[in-house]
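Each remark here refers to the structure printed beneath this line.
Quick note: the coordinates plus some simple rules give every number you see, no bench work behind them. The shown structure was predicted, so the numbers you read here are calculated from the model rather than taken from an experiment. Heads up, the Cβs are rebuilt from the backbone with ideal geometry, glycines too, and the neighbour counts pull from every protein chain shown.
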Amino acid sequence: MGGRERAGWIALICLLCALMLPGQARLPVIDRDEALFVQASRQMVEDRAPIDIRFQDEARYKKPVGIYWLQSLAALASGEGAAAPLWVWRIPSLAGAMASVWLTVALGATLFGVRVGLPAGALMAAAFVLGGEARIAKTDAVLLALILAMLIALARLAVRRGGGRAEAWGFWLAFGAAVLIKGPIGPLFAALAAVGHAAAVRDLRWLRPLGAGWPVLAALALVAPWLIGISLVGGWAFWREAVVGDLAAKVVAGQEGKGAPPGTYLAVIWLAFWPGAALLPIAARRVWQKRDDPRVRFALAAIVPAWIVFEAVPTKLFHYTMPTYPAAAILIAAAAVAIAGPVGRGWRAGVAVALLPLPLVAVALGVVQWRTDAPTVAVLAVAAAVAAALAGGAGALALLARGRGAAALGVLALAGGIFNASLLTGLARTPFLWPTEVAAAAARDLAAARGCEAPRLAGRGYGEPSLVWAGGRDTPRLPANAPLPETLAADPCAVVLNLGGDVPAGWAAVEQLEGLAIGAGRVVRIELLQPELRP
């Protein structure tokens, strides 16, 4: 390993820590997915029930058990068990995001060498969507790492055309783990890449090593015990919910109001893959020039088939195409490293325009902060994000004008990292975005004024999963205007988050707050109710 390569590794390690550690402890639980995952994992630890998955008293069978196991292990390893703070439950996502960056380097090095792999890893580390997933305790960061492990095995088979024993073991173990994390989604990405490359080179022989029996049996051994166990515990409920209620529903129609037309992800990528997406047009030109290169074909096979499938599926979420971004980062890095002369003004203007969307989103957040009297530190964090984006963009454009593509890519990655960390810090400290967090803090103060150690929370018309994370598994979530149970009315420590309903007799509205319920996608006005003290 040469000095320059060693310096690249050190810089990437520093970048990763600077990018992904800020906000882990400060960012409140996010509705609705993260709150559902961490609460179900906490109940798994409380009940010592590693097979069944439950949120409050409801079975949660939309996803397999893998991520719940990882989160539960993190909580147990912390020594605090079910009482572990939120950042502990996020450790698997943080580890998955960091591993994804290293595996992007490995995939890039397999195809084009470390000189391309390292900057590709830096681009993935700076990608806005991965920075978010590193701080959200759910499946996608871990799944991305496992998909990349499968793609590395496939790339080695495709490029080297020999051996294959280690690749077969790596592929099938990652395959089995991916099934435990998110069912067929991870294997689908790998299968589409394999089929796409095989079609491009018109050859299937390079896939023969994957037919080895023992690695396939190892994958089955990973998956089968839990599938059998959950079938015995829940009967057909898991299969009905996971396959029909979740997967099939997303394929047939836009699930939970999240439908969008084909082409949506072409718009989303300018935000999700910012700032690397700004260099996509320059990379596309070089990809076209090198379209007969088997390495380029493999990278395209890891992008195009999956992209087409997910554009065709009605249900669309911001992160669904994230597993295609590492291959895109590799093609961008290869193009940047190969730049041999000044980039023309037209191309630089395109880069400048492509860099604007996310800073504009940050400016919009700054307006929200101003309108809602956010703390000064939150406003300064968002201002720092915008400044980093503008300075990084200007620096990258200046370097492109001098023909220094690799340096421009490095500046963009650094600016993207500062932007992400600053923006997420600003998000975490903007109370308007976290009504449950603000309401729970107010409830603690109200309960303390009555001599209570903690409030007994309940929701009436407000049933976001974050409320259960804040109040515990027994937190009642009642419909709007529903009668409040006598057990609550008799408890002086009770605090009810009331949304859109009247104030029942015997209760008093003591505080009102407003915020954006992210899970519901709307602004809510919540009244805090306390039972009137009886003489």
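Which of the peptides 55-67, 9-21, 225-237 is most tightly packed, and how do the rest follow, going by the mean number of other Cβ atoms within 10 Å of each residue? Don't skip to the answer; put the middle values down first.
Working: 55-67: 18.6, 9-21: 16.9, 225-237: 13.8.
So the order, starting with the most tightly packed, is 55-67, 9-21, 225-237.
Rank by packing, highest mean first: peptides 409-420, 373-384, with packing defined as the count of other Cβ atoms within 10 Å averaged across residues. Please report the intermediate quantities before stating the final value.
Values: 409-420: 26.2, 373-384: 16.9.
Sorting 409-420, 373-384 by mean packing, highest first, produces 409-420, 373-384.
If you place +1 on the Cβ of every Lys and Arg and -1 on the Cβ of every Asp and Glu, how big does the dipole about the Cα centre of region 434-531 come out, in debye to the nearest 20? It would help to have the intermediate numbers written out before the result.
Details: 8 positive and 11 negative charges, 32 e Å.
Roughly 160 debye, rounded to the nearest 20.
From a point 7 Å beyond the Cα of ARG525 in the direction of its Cβ, which residues of region 425-466 have a backbone N at a distance under 16 Å?
462
Angle between the Cα long axis of helix 213-234 and the longest principal axis of the chain, 0 to 90 degrees, nearest 10?
20
Could you list which residues have their amide H under 5 Å from that of ALA494, counting only those 5 or more apart in sequence or on another chain, with H placed in the peptide plane?
Long-range HN contacts for ALA494: ARG456.
Net charge near ALA333: determine it from the other residues with C-beta under 12 Å of the C-beta of ALA333, scoring Lys and Arg +1 and Asp and Glu -1.
Details: positive: ARG115, ARG286; negative: none.
That works out to +2.
Counting C-alpha atoms alone, how compact is region 345-432: give Rg to one decimal and Dmax as a whole number, in angstrom.
14.3, 45
Output the direction-averaged projected area (hull surface divided by four) of the convex hull of the alpha-carbon atoms of region 252-376, in nm².
Details: hull surface 42.7 nm².
The directionally averaged projection comes out at 10.7 nm².
Counting only C-alpha contacts under 8 Å and six or more residues apart, can you give the relative contact order of the chain as a whole percent?
Numbers: 935 pairs, mean separation 82.5, N = 535.
Computed value for the chain: 15 percent relative contact order.
Starting from the Cα of LYS63, draw a straight line to each of the aspartates and glutamates and keep only those under 15 Å, dropping any in the same chain fewer than 8 residues away.
The reachable aspartates and glutamates, counting only those whose Cα sits under 15 Å from LYS63, are ASP33, GLU34, ASP52, ASP140, GLU241, ASP246.
Mind jotting down the distance between the C-alpha centroids of region 494-535 and region 279-357, whole Å?
Region 279-357 and region 494-535 have Cα centres separated by 49 Å.
Applying a 10 Å radius around every beta-carbon, put 501-511, 180-190 in order of their mean neighbour count, most first.
Numbers: 501-511: 14.2, 180-190: 21.8.
Taking the mean over residues of other Cβ atoms within 10 Å, the ranking is 180-190, 501-511.
Among LEU103, LEU300, which comes first, second and so on when ranked by fewest other beta-carbon atoms within 10 Å? Walk me through the numbers before you get to the answer.
Working: LEU103 24, LEU300 21.
In increasing order of surrounding Cβ atoms, one gets LEU300, LEU103.
Points 7 angstrom from Cα along the Cβ direction at ALA490 and ARG240: gap in nanometres?
It works out to 3.7 nm between the two label points.
Return the whole-Å distance between the Cα centroid of region 30-52 and the Cα centroid of region 368-407.
37
Could you give me the percent of Cα pairs per 5 Å distance bin for region 165-225, shortest bin first, beginning at zero and ending with the bin that holds the maximum distance?
4, 19, 24, 25, 18, 7, 2, 0
Kirkwood Rh over Cα pairs of the chain into Stokes-Einstein at 20 °C, 1.002 mPa s: D in µm²/s?
Details: Rh = 24.8 Å.
Calculated translational D: 86 µm²/s.
Calculate the FRET efficiency for ARG208 and LYS290 from the Cβ-Cβ distance with a Förster distance of 35 Å, rounded to the nearest 0.05.
Numbers: r = 27 Å, r/R0 = 0.77.
Calculated value: 0.80.
List the extent of the Cα atoms of region 1-98 along each of their three principal axes, largest first, rounded to whole Å.
57, 27, 26
Around ARG477, which amide H atoms from residues at least 5 apart in sequence, or from another chain, sit under 5 Å from its own amide H, with H modelled in the peptide plane?
Result for ARG477 returns GLY459.
At 222 nm, what value in deg cm²/dmol follows for the chain if DSSP H runs of at least 4 each add -39500 (n - 2.57) and the sum is divided by all its residues, to the nearest 500? Please list the in-between numbers first.
Values: 24 runs with 323 residues, N = 535.
One gets -19500 deg cm²/dmol as the mean residue ellipticity at 222 nm.
Would you work out the charge dipole size for the chain about its Cα centre, treating the Cβ of every Lys and Arg as +1 and the Cβ of every Asp and Glu as -1, and quote it to the nearest 20 debye? Before the final figure, lay out each step's value.
Numbers: 47 positive and 33 negative charges, 520 e Å.
Charge dipole, the chain, about its Cα centre: 2500 debye, nearest 20.
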